[in-house]
Amino acid sequence: MKKPTKRSVDPATIEMLAHTEGQGPPNAWDRYDAMQPQCGFGQLGVCCRNCVMGPCRIDPFGEGATLGVCGADADIIAARNLIRMIAAGASAHSDHGRDVAHTLLMAAESDDCDYKIKDPDKLKALAAELGVKFEGRELREIAHDVAEICFAQFGQQHGELVFTARAPEDQLKRWRAAGVVPRGVDREVVEIMHRTHVGVDNDPENLIKQGVRSALADGWGGSMIATDLSDVLFRTPEWVTSNVNLGILKKDTVNIIVHGHEPLLSEMIVAAAQDKEMLELAKKQGAKGITLGGICCTANEILMRHGVPIAGNFLQQELAIQTGAVEAMIVDVQCVFPALGKLTQEYHTKLISTSPKAKFPFAEHVEFDESKAMEIAKQIVRKGVENFPNRDKSKVHIPKDTSPLVAGFTAENIATMLGGRYRPSYRPLNDAIMSGRFRGVAAIVGCNNPRFTHDKSHIEMTKELLANDVLVAVTGCSAIADAKYGLLCPEAAVKYAGQGIQEVCRAVGIPPVLHLGSCVDNSRILMVLRNMVVEGGLGDSIADLPVAGSAPEWMSEKAVAIGFYVVASGVYTVLGQPLPIEGAAKLMEYVTGGIEDVFGGKFAFEADPIKAAHLIIDHIDRKRADLHLPPPMYDVPYAPRAAVESEIKEMSKTQ
Ligand code: SF4
Ligand code: MSK
C-alpha cells in the first residue's frame with residue numbers, strides 16, 4: 001500500500017488516509033491499486049464492443065489482429081470510443097441544463113413554486129439577447145418565454161444553437177466552414193450514437209467532427225443554459241468568502257453534506273438547513289446547530305451563491321464519511337461513487353439519493369420533486385438532524401485543516417472587478433495582457449484521479465503559472481484543490497505570483513486565482529474569452545488570445561466533452577493524462593496537430609505539472625509574439641524560450 005503522502009498532498013486527506021489505514025472497506029486509492037495492471041487495450045483505446053461479432057481488440061504492436069471482425073482499424077475504433085465519451089459528457093452537462101430550464105419554466109407557470117426569479121437583471125439581459133419582449137411585462141411572463149426558448153434548444157432539429165452567436169465571428173466562421181455548428185443538443189448526441197453503430201461512420205476525422213459538434217452543443221448550449229438559467233433562478237454570483245476542507249465539519253453540530261452537481265436540490269437544502277424548525281430540532285437532538293458543506297460541483301454552486309463551505313473535492317467523498325461526523329450525505333448526479341453506500345454501513349451516515357436518474361446501493365432514496373422542493377428538502381434535512389444521536393463519538397475523527405477562500409467570479413463581474421462598478425469593462429484585463437503585466441491567462445479545471453497524487457498537479461501547475469505572471473482561472477475540483485492550498489486568497493498573490501500579477505491583485509484586492517464555479521460553469525470561461533476578444537487589441541478570435549487550458553488530473557467523460565469544446569473554441573489545452581487514443585496513431589496526430597488548422601486549438605498531453613505549465617507558457621509566448629506584444633513586463637523564472645524571444649524581436653521590428 002502506498003504511503004498516504006504519496007496518495008495526496010492535502011494535509012486533511014493525508015491525515016484521514018493514515019487514520020483509516022487497514023480499517024473498513026477499501027477506498028478509491030486501494031481499489032485503483034487492486035485494479036493494476038489496468039487493461040492496456042482499454043488505455044490505448046483500441047478495444048471495441050460495439051457489436052457482438054466482437055469484442056475486438058487491435059494489437060498495438062502490429063503483431064496480432066490489426067482489424068476488427070468488421071474491418072475497423074485502430075483509428076476508427078479509437079475515434080468511435082472517444083466520441084462516445086463526448087456524447088456521455090455532453091449529455092451529463094446538458095441534462096443538467098435541461099433540468100434547470102424545466103425548473104425556470106415551472107417557476108414561471110406556477111403560483112406557489114418554491115423557486116423564484118432571484119436575478120431579474122440577468123433575466124432581462126437574456127430576454128433582450130433572445131429577442132423576448134420584456135418592457136412592461138411581468139417577470140414570470142418573460143421567464144416563461146426565455147425558458148421555452150432554452151428548452152427548445154435541446155430538441156431543435158435544424159439551424160444553429162442560439163448561444164453559438166455569442167462566439168466571436170471568426171470562431172463562428174471556422175465552425176460553419178467545418179460544418180460543426182450544433183443544430184440541437186440532443187440531436188448531436190443521438191447522431192454520435194448513430195454514427196458509432198457498427199458499419200456507419202468509418203472515417204476517424206469525420207467521427208471527430210461530430211464529436212466536436214456535440215461538444216460545442218455542450219459548451220455553447222447545454223452547459224451555457226445551465227449556468228445562465230441558474231443565475232436567473234438563484235442569482236448571478238458575487239464575490240464571497242468561505243472556507244474549505246474537512247475541518248469545516250464540526251464535532252458539536254449536525255453535519256450534512258451535499259454531493260453531486262445540480263443546484264436545484266442543493267439550493268433548497270441551503271434554505272432548509274437554515275430553517276428555524278430544523279435548527280430547533282437540531283438543538284433538541286443535542287446539537288449546537290447544523291453545518292452544511294459540499295463536495296464536488298454542487299459544493300461549488302452553493303459556495304458561489306451563498307458562501308457555503310466546501311468539505312472537499314472528488315477524492316475526498318469517502319473520507320468525509322470516514323470522519324464519523326456526517327449525519328447525512330445527500331447526493332444527486334455525477335461523480336458520486338457507488339462505493340459510498342457500503343461505506344455508510346460502517347458508520348452512522350445516511351446516504352440519501354434524490355434523483356430518479358441516480359440510485360445507489362445501500363442508499364435511502366428520497367426522490368426530489370421540484371414542485372415540492374422545500375417540503376422534500378426539509379424532509380431530507382430532518383433525516384440528517386434526527387440521525388445526530390446515532391453518531392458514535394468513538395469513531396469521530398475530524399482533521400483540523402481548513403483554508404479561507406474568495407470565490408464568486410463570473411464573466412460579468414470580472415468587468416466590474418477590474419474596470420470598476422461605474423465603468424465595467426474588460427479593457428483593464430486586456431491592457432494588463434498587452435503591456436505584459438499579465439503574460440496571459442490559463443484556465444485549470446477538472447477532476448482528481450487516483451492515478452495522480454491527489455491535488456498535486458493542480459497546485460503545482462497553478463503555482464508555476466502564477467510565478468510566471470500567468471493569471472489563473474479555475475472551476476470544479478481543481479478550484480477546490482487550489483482553495484485548500486490557500487491559492488484563492490488575495491495574499492496568495494504576494495506569496496506565489498510574479499510582480500505583474502502582484503501589482504494588479506494588490507490594486508484591486510483580488511486573488512491571483514479566480515474561482516468561476518462548477519464544471520458546467522466552464523461556459524463562464526468561454527464568455528470571459530469571448531469578452532476579451534470583443535474588447536479588442538488581442539486579435540479577432542479566441543484562437544488569437546494568449547490563453548490556454550488544462551485539466552491536469554481529469555478522469556470523467558464530461559472532461560472529454562469540455563476538452564473538445566474548448567479546443568474547438570480555439571484554446572490550446574494540455575491534459576495530464578492522454579485521451580484514450582494512444583493506440584491510434586493518425587487520430588493522435590490529428591487531435592494534437594491537424595485539428596488546430598480547422599479550429600485554432602489543439603490538445604497536448606503532459607503528466608508533469610511543471611512541464612505542462614511550461615507548454616502553456618510557450619504557447620502563450622507564441623501568441624504574444626503573433627500579436628506583436630512585448631515580452632513579460634517583469635523578470636520571470638521561466639523566461640520566453642530563445643526561439644520565441646527571437647520571434648518576438650522580429651515581430652517588434654516589423655511593427
Ligand atoms: Fe468488432 Fe467491428 Fe463489432 Fe467493433 S463494430 S466489435 S470492431 S466487429
Ligand atoms: S465534480 S467532473 S470530479 S471536476 Fe464536477 Fe469534480 Fe470532475 Fe466531477
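Answer yes if at least one residue in the range 279-296 is within 23 Å of residue 524 (Cα to Cα), touching a residue at least 60 places away in the same chain (Cβ under 8 Å) and outside the structural domain of residue 457 (by TED's automatic domain parsing), and no otherwise. Show your work before the answer.
Applying the first criterion (within 23 Å of residue 524 (Cα to Cα)) to the range 279-296 yields 294-296.
Filter once more, keeping what is touching a residue at least 60 places away in the same chain (Cβ under 8 Å): 296.
Those still in the list that are outside the structural domain of residue 457 (by TED's automatic domain parsing) too: 296.
Checked against the condition, which is being within 23 Å of residue 524 (Cα to Cα), touching a residue at least 60 places away in the same chain (Cβ under 8 Å) and outside the structural domain of residue 457 (by TED's automatic domain parsing), the range 279-296 yields at least one hit.
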Which numbered condition trips up residue 254, out of (1) assigned by TED's automatic domain parsing to the domain that holds residue 347; (2) within 16 Å of ligand 2 (Cβ to nearest atom)? (2)
Give me the residue from the range 359-395 that is surrounded by fewer than 16 Cβ atoms within 10 Å (Cβ to Cβ) and among the hydrophobic types (A, V, I, L, M, F, W, C) and, out of that set, farthest from residue 246 (Cα to Cα). 374
Over the range 555-572, the set of residues within 15 Å of ligand 2 (Cβ to nearest atom) and either crowded, with 24+ Cβ neighbours inside 10 Å or in a helix (DSSP H, G or I) (or both) is 557, 558, 559, 560, 561, 562, 563, 564, 565, 566
Count of the range 277-317 residues which are outside any loop (DSSP other than H, G, I, E, B) and more than 19 Å from residue 395 (Cα to Cα): 28
Among all residue pairs at least 6 apart or on different chains, which show Cβ distances below 8 Å where the first residue, located in the range 533-550, is at positive phi and the second is among the β-branched types (Val, Ile, Thr)? 539/533
Residue under evaluation residue 424, criteria (1) free of Cβ contacts under 8 Å to residues at least 40 places away in the same chain; (2) in a helix (DSSP H, G or I), criterion not met: (2)
Search result, residues across the range 269-299 that are at negative phi and touching a Cys at 6+ places or on another chain (Cβ under 8 Å): 297
Hey, does the range 349-370 have a residue that's part of a helix (DSSP H, G or I) and within 23 Å of residue 487 (Cα to Cα)? no
Can you tell me which residue within the range 577-587, out of those that are aliphatic (A, V, I, L, M) and surrounded by 20 or more Cβ atoms within 10 Å (Cβ to Cβ), is nearest to residue 61 (Cα to Cα)? 584
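Consider residue 579 carefully, then state whether it is without any contact (Cβ under 8 Å) to a residue 60 or more places away in the chain, touching a helix residue (DSSP H, G or I) at 6+ places or on another chain (Cβ under 7 Å) and under 26 Å from residue 47 (Cα atoms).
Numbers: without any contact (Cβ under 8 Å) to a residue 60 or more places away in the chain: no; touching a helix residue (DSSP H, G or I) at 6+ places or on another chain (Cβ under 7 Å): yes; under 26 Å from residue 47 (Cα atoms): yes.
For residue 579, the condition - without any contact (Cβ under 8 Å) to a residue 60 or more places away in the chain, touching a helix residue (DSSP H, G or I) at 6+ places or on another chain (Cβ under 7 Å) and under 26 Å from residue 47 (Cα atoms) - is not met.
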Checking residue 344 against (1) within 24 Å of residue 32 (Cα to Cα); (2) of a type in the set (Val, Ile, Thr); (3) buried (at least 24 other Cβ atoms within 10 Å of the Cβ), only one condition comes out false. Which one? (3)
Is at least one residue of the range 535-544 surrounded by 24 or more Cβ atoms within 10 Å (Cβ to Cβ), touching a helix residue (DSSP H, G or I) at 6+ places or on another chain (Cβ under 8 Å) and not in a helix (DSSP H, G or I)? yes
Scan (1) in contact (Cβ under 8 Å) with a residue 60 or more places away in the chain; (2) in the same structural domain as residue 272 (by TED's automatic domain parsing) for the single condition residue 406 breaks and write down its number. (2)
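Can you give me the number of residues within the range 512-525 that are more than 16 Å from ligand 2 (Cβ to nearest atom) and in contact with a helix residue (DSSP H, G or I) (Cβ under 6 Å, 6 or more places away or on another chain)?
Filtering the range 512-525 down to residues more than 16 Å from ligand 2 (Cβ to nearest atom) leaves 512, 514.
Cutting the leftovers down to in contact with a helix residue (DSSP H, G or I) (Cβ under 6 Å, 6 or more places away or on another chain) gives us 512.
Residues flagged as more than 16 Å from ligand 2 (Cβ to nearest atom) and in contact with a helix residue (DSSP H, G or I) (Cβ under 6 Å, 6 or more places away or on another chain) within the range 512-525 amount to 1.
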Looking only at the range 433-449, which residues are within 16 Å of ligand 2 (Cβ to nearest atom), part of a loop (DSSP other than H, G, I, E, B) and closer than 17 Å to residue 533 by Cβ? none
Is it the case that the range 221-230 has a residue that's out of contact with any helix residue (DSSP H, G or I) (no Cβ under 8 Å at 6 or more places or on another chain) and outside the structural domain of residue 544 (by TED's automatic domain parsing)? no
Which one of 64, 68, 54 is away from ligand 2 (no atom under 16 Å from the Cβ), touching a helix residue (DSSP H, G or I) at 6+ places or on another chain (Cβ under 7 Å) and free of Cβ contacts under 8 Å to residues at least 40 places away in the same chain? 68
Give, as residue ranges, the helices (runs of 4 or more DSSP H) completely inside the range 1-119 that count at least 3 residues that are surrounded by 14 or more Cβ atoms within 10 Å (Cβ to Cβ) and more than 27 Å from the chain's Cα centre (by Cα). 74-109
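Going by the structure shown, is residue 476 over 24 Å from residue 623 (Cα atoms) and within 13 Å of ligand 2 (Cβ to nearest atom)?
Details: over 24 Å from residue 623 (Cα atoms): yes; within 13 Å of ligand 2 (Cβ to nearest atom): yes.
Taking the combined requirement at face value, the residue satisfies it.
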Near pairs, Cβ below 6 angstrom, 6+ apart or cross-chain, from the range 609-630 (among the charged types (D, E, K, R)) to any residue that is buried (at least 16 other Cβ atoms within 10 Å of the Cβ): 621/640; 621/644; 622/644; 623/546; 624/546
Kindly indicate whether any position in the range 465-472 is within 19 Å of the chain's Cα centre (by Cα) and more than 16 Å from ligand 2 (Cβ to nearest atom). yes
Close pairs from the range 234-263: first charged (D, E, K, R), partner part of a loop (DSSP other than H, G, I, E, B) and within 16 Å of ligand 2 (Cβ to nearest atom), Cβ under 6 Å, at least 6 apart: 262/332
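Which of the residues belonging to the range 170-195 are of a type in the set (Asp, Glu) and over 21 Å from residue 97 (Cβ atoms)?
At the first step, the residues of the range 170-195 found to be of a type in the set (Asp, Glu) are 170, 186, 188, 191.
Matches in the range 170-195: 170 only.
Taking the criterion of being of a type in the set (Asp, Glu) and assigned to a loop (DSSP other than H, G, I, E, B), would at least one residue in the range 318-339 satisfy it?
So far as the range 318-339 goes, yes, one or more of its residues are of a type in the set (Asp, Glu) and assigned to a loop (DSSP other than H, G, I, E, B).
The values are calculated or read from the model by the stated rules, or taken from the named source; none is laboratory data. These figures come from a predicted structure and were not determined experimentally. Cβ atoms come from the backbone with ideal geometry, glycine included; neighbour counts cover every protein chain shown.
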